[in-house]
1. Being out of contact with any Lys or Arg (no Cβ under 9 Å at 6 or more places or on another chain) and either under 16 Å from residue 164 (Cα atoms) or of a type in the set (A, V, I, L, M) (or both) is the filter here, so list the residues in the range 219-229 that pass it.
2. Can you name the residue in the range 1-10 that is touching a residue at least 60 places away in the same chain (Cβ under 8 Å) and open to solvent by 20 Å² or more (accessible area, probe 1.4 Å) and is also farthest from the chain's Cα centre (by Cα) among such residues?
3. Name the single residue, out of those in the range 174-229 being away from the ligand (no atom under 14 Å from the Cβ), free of Cβ contacts under 8 Å to residues at least 60 places away in the same chain and of a type in the set (A, V, I, L, M, F, W, C), that is nearest to residue 27 (Cα to Cα).
4. Can you name the condition, by its number, that residue 98 falls short on among (1) open to solvent by 90 Å² or more (accessible area, probe 1.4 Å); (2) under 19 Å from the mean Cα position of the chain (by Cα); (3) of a type in the set (A, V, I, L, M)?
5. So which residues in the range 25-39 are farther than 19 Å from residue 122 by Cβ, within 15 Å of the ligand (Cβ to nearest atom) and touching a residue at least 12 places away in the same chain (Cβ under 8 Å)?
6. If you take the residues in the range 54-83 that are part of a helix (DSSP H, G or I) and not aliphatic (A, V, I, L, M), which one is nearest to the ligand (Cβ to nearest atom)?
7. For the range 132-245, which fully contained strands (runs of 3 or more DSSP E) count at least 1 residues that are open to solvent by less than 40 Å² (accessible area, probe 1.4 Å), closer than 26 Å to residue 6 by Cβ and of a type in the set (Gly, Ala, Ser)?
8. Would you tally the residues in the range 118-134 being under 18 Å from residue 63 (Cβ atoms) and within 15 Å of the chain's Cα centre (by Cα)?
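The values are calculated or read from the model by the stated rules, or taken from the named source; none is laboratory data. Everything quoted here is computed from the prediction, not taken from an experiment. Cβ atoms come from the backbone with ideal geometry, glycine included; neighbour counts cover every protein chain shown. Calculation scope for accessible area: heavy atoms of the full protein, side chains included, ligands and nucleic acids excluded. Shrake-Rupley method; radii C 1.70, N 1.55, O 1.52, S 1.80 Å.
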Amino acid sequence: MVQDKVALVTGASRGIGRSISLALATQGAKIVAVDIDLQATEAFVAELKALGREAVAVQGNVTVAADVEQMVNVAKETFDRVDILVNNAGITRDGLLLRMKDEDWDAVLDVNLKGAFLCTRAVAKLMTKQRSGRIINIASVVGQMGNAGQANYCASKAGLMGLTRSNARELAKRHITVNAVAPGFIATDMTDALPEQVRQELTAQIPLARLGSADDIANAVLFLASDYSGYITGQVIGVNGGMYM
Ligand code: NAP
C-alpha cells in the first residue's frame, strides 16, 4: 500500500499526527516526523524504531521557511526523497468575533494555512522532479460548516480546502495528487476533558452517534497516500460520522 514510501508528517508527535504516522509506518512507510517539541518527537521516533520501522525526528516550526527547508533537507539526506506530505500541524485560538485579538487571528492563519503552503511549496519542488507524490491536508468539518467562536480556525481550514484544489490543478500534470481530509469531532485529550452533558450534545449532532477517533482519520489518510487513490485529486473527504453531508 505505502511500502517503502517516504512520508513527511507535520505535528507528528501527538494526537492525530501521531496516529497518521503510526498507521503509515505500520504499512511500511518511512517517516519524517516533524514537530516543534523535539523531545516528544524523538521519543515517538524511538517508539517507531522499536517496532522495526524507519523514521527520523526533525524539530521544526511550519511557519518558519528556514525550518521547512531544513525538514525537506533532512528527508532528502536520510531517505533521498519524499513521496507523501501530510500537512497536519494545526492550532486553535478560539474566541467570539467581536473579541478576537489580531494576534489570535494571525497565529491560527499562520500555522494552519501558511504552514501548509510553505511545506507544500518546499516538498512539491522535490515531488515535481520525482514526477509523483501525494499531498494530504488535514482540514476540518468546521471549515465547511462554520462554528461560532472559531472565525480564525474556520477561515484557515476553508482556506486550506481552497489551497488543496488550486494545488491539485497545478500539480496534476506531474502526477502529484492533492487532497484534504476534513475530520469531524474527534476524541482527543481536549474532548475527553469535556463535561458528559457537552459530550452528549456533540454526539447528538452525529448520525453515526459517536465521536471519531484519531485512527478514523489515519485510515482515510492511508487510503489517500496509497496507490488505491491514484485517480482522486482536489477532493475533501469528510470523516465526520455524517454530521456534514
Ligand atoms: P494536537 O493534539 O494539538 O496536535 C497538533 C500537533 O501539531 C502538536 O504536536 C503540535 O506541537 C504541532 N504543532 C502545532 N503548531 C506547530 C507548528 N507551528 N509547527 C510544527 N508543529 C506544530 O492536535 P490534533 O487534535 O491532533 O489535530 C491535528 C490536526 O487535525 C490539526 O490540523 C487540527 O486542526 C485538525 N483537526 C482536529 C480535530 C479534533 O477534533 N482534534 C478536528 C478537526 C480537525 P506542540 O504541541 O508541541 O506545539
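1. 220, 221, 222
2. 1
3. Within the range 174-229, the match that is nearest to residue 27 (Cα to Cα) is 223.
4. Here residue 98 clears every test but (2).
5. Of everything in the range 25-39, those that are farther than 19 Å from residue 122 by Cβ, within 15 Å of the ligand (Cβ to nearest atom) and touching a residue at least 12 places away in the same chain (Cβ under 8 Å) turn out to be 37, 38.
6. Ranking the qualifying residues of the range 54-83, first place goes to 67.
7. The strands (runs of 3 or more DSSP E) meeting that bar are 133-138, 176-183.
8. Counting residues in the range 118-134 that are under 18 Å from residue 63 (Cβ atoms) and within 15 Å of the chain's Cα centre (by Cα) gives 4.
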